[in-house]
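Okay, structure first, notes after.
The values are calculated or read from the model by the stated rules, or taken from the named source; none is laboratory data. Just so it is clear, the model here is predicted, and its values are computed rather than measured. Here Cβ is always computed from backbone atoms with ideal geometry, including for glycine, and neighbour counts include all displayed protein chains.
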Amino acid sequence: MKKLLFVASLSFLLISAVAQPSVGKQVGVSVIRINQLGYTPTSIKVAVFGAIEHAKIEVFTLHDALTDKVVFQSKRPISKGAYGPFKSSYRLNFSEFETPGKYYLMANGIKSPEFRINTDVYDHTADFLLEYMRQQRCGYNPYLTASCHLDDGYILYNPGKEGERIDVTGGWHDASDYLQYTATSANAVFQLLFAYRDNPEAFDDAYDADGLPGPNGIPDIIDEAKFGMDWLKKMNPSDTEYYNQIADDRDHSGYRLPNKDSVVYDPNRKGRPVYLASAEKQGVLKYKNRSTGVASTAGKFASAFAIGATVLKDFYPEYTRYMGKRAEEAYRYGELHPGVSQTAPGRSPYFYEEDNWIDDMELAASSLYKLTGDERFKKSALKYASEEKITPWIGRDTILHYQYYPFLNAGHHELATALKSDDRKEVTSYYAKGLKMLHERGKDNPFYIGIPFVWCSNNFVTAAVTQSRLYYNLSDDDTYLEMEAALRDWLFGCNIWGTSMIVGLPADGDSPTDPHSSLYLLEVYQTNGGLIDGPVYASIANSLIGVELHEKDEYAQFQSDLVVYQDDVGSYSTNEPTMDGTASLVYYLSSLESESIRNGNKKKRYTYDSSGAIVRGDRSAKKISLLFSGDEYADGAEEILRVLEKHNIKASFFLTGNFYRNENFAPFIKNAKTSGHYLGAHSDKHLLYNDWTEEKKLLVSQDEFKNDLKANYDEMEKYGIQKDDAPYFLPPFEWNDHIITQWADQMSIQIINYSPGTISHADYTTPEMENYRSSEAIVNSILNLEETDGLNGFLLLSHIGTHPDRTDKFYNKLDELITTLKADGYEFDTLVRNLSLKN
């Protein structure tokens, strides 16, 4: 529940007011806010200038970030007056400038952060959000490589089955707590399948069905959607049983990892309570909800099953055989039981106060009409659509928590795309009516934002940009595209605080670093990809109890009497990532990726091995990166550095802690670092992590792995090499499994390995070994592969030194090899640039 996550256990928190800014510190502050991801060349491009004190702008300029040259100038900044902490604000429109490159803006002597203009700025963003979805998995959690909540659960509010066990392990934890709701989960399943159905080219395959690193031949978004669908099917064991919720606010018992959840709901039963969706007022402790029916829940089941019957069929035909039937059963049950089934509170009066269900039944009927072609569903969908033309939150300032959910009525889109002529125009116009209201509310402020700043405000922004995109696709009416661009840019830094609202996106920008999360607070596991709740009205922030900021508010000078956002683990109302908001944003970002691809963008992609290690960069360019590993030998160090310097190549050296500690190797390490080569980790003691069998049985525990890798980085720090400077890790013996890859990911480290196809890594072998390969054979393997398959994006690995028994040293062939490959048109690029997915 995205409410008072830990308020029920005030022993963990001190009651205090939200930190208020010091007005005295605001004097003279001016900023330019931009979309940190950047802008596509043909997109609407607007930045916002804001000044704490009054300021007047008559001109602004756009500069090339490499040369500082002015490439665009405008004398038309648009004044928007006071807003939030700003006494003066301006919109700076530079849409007519379309040349790709890296730039910054200047106005009144204020310089913006640097940003890119390119077709690829949204590439891989939709897949990035799936990182958070995998982290939220219940049952087996691939992020933690551990299991949780395996005893769920026992039934409540189902006459005749009260207290019985039901297997509902699975699904996603709702937010930073561990409650699970059908409302948010079914919406998430629909949104993921919706995104893939309409924008399949946006998604890649880097993880398996369990969510562990390593491709399985199925797009990751399909793996994630099916994981959610498996849980929905469990929550719907019969055509009269639709379960609504797992656990209640007794969950709010302090910070803990999900696999160490110690909350006991009933000492006589294992697991957590599972609430039936019904019209009964539910709540086993002090507080009750206001449920009136089941249609809100049944409709969500039906729409998820219906779209699943279409999209998942291409991957799991047997799995989807009865999904259409289940969708129809759920829809009929919703018709028989109109009304809302709200979530159940307990010790606190907080729950998802959903009051509308018409939109759920419209989406269900529309999805079933698309699936079956049955005119009865079309007729019902049209009726429901006319009864709720505008999603009720639009135009309001005050909204109860999740009062009108989902925040986006996807039913209008699903229905309109299945209709023709006048009916299509009529349903499409419902979107326009809502967008017009948002436009009127936002047009007079610099950020063009007309959504209410209540809890989960970013979910409203996500709904608004998606509604605008769907409306434009249906109508070709560009009336609201500038508002859409402004709301999109708000999510990525063109907002009052200048921060992205998605954890870790972009990687080199200002984004949340202290999310409200047990994983982060206890283990510093970052919630990458998670869309945070977002800013709230100051009146809400000032009324909350149980808030304790853990650090000084870095955005204090930009807080105001209007709205507050704080990047702090204690700010549960503004800085908590949410599963359903994240899933809902996937559609919009995938649509931007697909649009760029349709417009000619060549999206870069990695190649992964079965463990999830990156083994090759993008294949579109003739680029090769040279990798060298070292543990106990370094006889080739001097020759390798000489050849690299001769050819002006920057290589990557992956060295063990043993190597870094060896005083004899210190001159080489210092020289390589001074010369600008990448120095990385290769384990501390050159441990073998997995045995040599096909199963790759683990030989180390997680603590042993982490301690060994940390010790490697500790040795690197002695040479001034920080972990953030060396995020790529080459495993010892170039041998690991997907568990090792995931453990490294928990440490924010990416495992790489050599590109398969050559035997360059066999340069360590000695003549008495069965797998001995001569240097000539190694060179031939490289050149033969170049002729047959090319070496584009290749990571070519060899060793800094080898055992004295090998007198045929491959590094003596390096100069000749480089010369040959250069003549064939290859560029030897740095590892970082080779593995960059941006142009």
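Have a look at E704, E694 and point out the one that is under 27 Å from S781 (Cα atoms), among the acidic types (D, E) and outside the structural domain of Y520 (by TED's automatic domain parsing).
On the way: E704 fails: under 27 Å from S781 (Cα atoms).
After applying the criteria, what remains is E694.
From the set of residues in segment 758-777 that are of a type in the set (A, V, I, L, M, F, W, C) and closer than 12 Å to T802 by Cβ, which is nearest to the chain's Cα centre (by Cα)?
Of all residues in segment 758-777, those of a type in the set (A, V, I, L, M, F, W, C) come to 759, 762, 769, 777.
Subsequent filtering for residues that are closer than 12 Å to T802 by Cβ retains 762, 769.
On the way: A762: 38, M769: 47 Å.
My answer is A762.
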(message) Being small (G, A, S) and crowded, with 24+ Cβ neighbours inside 10 Å is the filter here; which residues of segment 184-210 pass it?
(response) S185, A186, A188, A195, A202
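Residues are listed down the side, and each one gets a yes or a no for (1) assigned to a loop (DSSP other than H, G, I, E, B); (2) more than 30 Å from the chain's Cα centre (by Cα); (3) at negative phi:
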site: S262; (1), (2), (3): yes, no, yes
site: K286; (1), (2), (3): yes, yes, yes
site: N289; (1), (2), (3): yes, yes, yes
site: I307; (1), (2), (3): no, no, yes
site: T310; (1), (2), (3): no, no, yes
site: R326; (1), (2), (3): no, yes, yes
site: G339; (1), (2), (3): yes, yes, no
site: T343; (1), (2), (3): yes, no, yes
site: R347; (1), (2), (3): yes, yes, yes
(request) Return only the number of the condition from (1) of a type outside the set (K, R); (2) touching a Ser or Thr at 6+ places or on another chain (Cβ under 9 Å); (3) modelled with pLDDT of 95 or more that M716 does not satisfy. (result) (2)
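Of all residues in segment 650-678, which are hydrophobic (A, V, I, L, M, F, W, C) and buried (at least 19 other Cβ atoms within 10 Å of the Cβ)? Explain how you work it out, then say what you get.
Quick first cut of segment 650-678, residues hydrophobic (A, V, I, L, M, F, W, C) only: 651, 653-655, 659, 665-666, 668-669, 672.
Answer for segment 650-678, where residues must be hydrophobic (A, V, I, L, M, F, W, C) and buried (at least 19 other Cβ atoms within 10 Å of the Cβ): A651, F653, F654, L655, F659, F665, F668, I669, A672.
Yes or no, residue by residue, for (1) outside the structural domain of D220 (by TED's automatic domain parsing); (2) under 13 Å from D580 (Cα atoms); (3) part of a loop (DSSP other than H, G, I, E, B):
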| residue | (1), (2), (3) |
| --- | --- |
| L144 | no, no, yes |
| L150 | no, no, yes |
| I155 | no, no, no |
| K161 | no, no, yes |
| G170 | no, no, yes |
| D177 | no, no, yes |
| A183 | no, yes, no |
| N187 | no, yes, no |
(request) Exactly one condition in (1) out of contact with any strand residue (DSSP E or B) (no Cβ under 6 Å at 6 or more places or on another chain); (2) hydroxyl-bearing (S, T, Y); (3) crowded, with 17+ Cβ neighbours inside 10 Å is not met by T788; state its number. (result) (3)
(request) Please enumerate the residues belonging to segment 768-815 that are in contact with a Phe, Trp or Tyr (Cβ under 6 Å, 6 or more places away or on another chain) and free of Cβ contacts under 8 Å to residues at least 60 places away in the same chain. (result) S775, I778
(request) Would you be able to tell me the number of residues in segment 97-142 that are surrounded by fewer than 21 Cβ atoms within 10 Å (Cβ to Cβ) and in a helix (DSSP H, G or I)? (result) 1
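May I ask you to say which residue of E632, E645 is over 30 Å from T466 (Cα atoms), touching a residue at least 12 places away in the same chain (Cβ under 8 Å) and part of a loop (DSSP other than H, G, I, E, B)? Before the answer, list the steps.
Working: E645 fails: part of a loop (DSSP other than H, G, I, E, B).
One residue alone meets the criteria, E632.
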(request) Could you tell me whether segment 225-242 includes any residue that is more than 19 Å from the chain's Cα centre (by Cα), buried (at least 19 other Cβ atoms within 10 Å of the Cβ), part of a loop (DSSP other than H, G, I, E, B) and aliphatic (A, V, I, L, M)? (result) yes
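Quick check on this structure: which one of I358, I307 is closer than 30 Å to L419 by Cβ and touching an Asp or Glu at 6+ places or on another chain (Cβ under 7 Å)? Quick ask: steps written out before the conclusion?
Details: I307 fails: touching an Asp or Glu at 6+ places or on another chain (Cβ under 7 Å).
Among I358, I307, only I358 is closer than 30 Å to L419 by Cβ and touching an Asp or Glu at 6+ places or on another chain (Cβ under 7 Å).
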(request) Enumerate the pairs (first residue in segment 821-837 and within 21 Å of G676 (Cα to Cα); second residue anywhere and in a helix (DSSP H, G or I)) with beta-carbon separation below 7 Å, excluding pairs fewer than 6 apart on the same chain, so at least 6 apart or on different chains. (result) F828/I818
(request) Quickly run through segment 753-767 and pick out the residues that are among the polar types (S, T, N, Q), in a loop (DSSP other than H, G, I, E, B) and buried (at least 19 other Cβ atoms within 10 Å of the Cβ). (result) N753, S755, T765
(request) Output the residues belonging to segment 486-510 that are in contact (Cβ under 8 Å) with a residue 60 or more places away in the chain and surrounded by fewer than 22 Cβ atoms within 10 Å (Cβ to Cβ). (result) G498, G504, P506, G509, D510
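Any idea how many residues of segment 400-429 are in a helix (DSSP H, G or I) and either touching an Asp or Glu at 6+ places or on another chain (Cβ under 8 Å) or more than 17 Å from F301 (Cα to Cα) (or both)? Full working, then the answer.
Applying the first criterion (in a helix (DSSP H, G or I)) to segment 400-429 yields 410-416, 421-429.
Still in the running and either touching an Asp or Glu at 6+ places or on another chain (Cβ under 8 Å) or more than 17 Å from F301 (Cα to Cα) (or both): 411-413, 415-416, 421-429.
Within segment 400-429, residues that are in a helix (DSSP H, G or I) and either touching an Asp or Glu at 6+ places or on another chain (Cβ under 8 Å) or more than 17 Å from F301 (Cα to Cα) (or both) number 14.
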(message) Just checking, does segment 487-507 include any residue being under 14 Å from W455 (Cβ atoms) and in contact with a Phe, Trp or Tyr (Cβ under 7 Å, 6 or more places away or on another chain)?
(response) no
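Considering segment 193-207 alone, what residues qualify as being charged (D, E, K, R) and either assigned to a loop (DSSP other than H, G, I, E, B) or within 16 Å of L312 (Cβ to Cβ) (or both)? Write out each step before concluding.
Of all residues in segment 193-207, those charged (D, E, K, R) come to 197-198, 201, 204-205.
Once the filter is applied, which keeps residues that are charged (D, E, K, R) and either assigned to a loop (DSSP other than H, G, I, E, B) or within 16 Å of L312 (Cβ to Cβ) (or both), segment 193-207 yields R197, D198, D204, D205.
Residues being of a type outside the set (G, A, S), touching a Phe, Trp or Tyr at 6+ places or on another chain (Cβ under 9 Å) and either assigned to a loop (DSSP other than H, G, I, E, B) or more than 20 Å from V29 (Cβ to Cβ) (or both): count how many of those fall in segment 77-89.
Just the residues of segment 77-89 that are of a type outside the set (G, A, S), to begin with: 77-78, 80, 83, 85-87.
After this cut, where a residue has to be touching a Phe, Trp or Tyr at 6+ places or on another chain (Cβ under 9 Å) as well, the list is 77-78, 80, 83, 85-86.
With the extra rule that they be either assigned to a loop (DSSP other than H, G, I, E, B) or more than 20 Å from V29 (Cβ to Cβ) (or both), the set shrinks to 77-78, 80, 85.
The qualifying residues number 4.
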(request) Only one of these is modelled with pLDDT of 95 or more, surrounded by fewer than 19 Cβ atoms within 10 Å (Cβ to Cβ), assigned by TED's automatic domain parsing to the domain that holds M133 and not in a helix (DSSP H, G or I): T527, T479. Name it. (result) T479
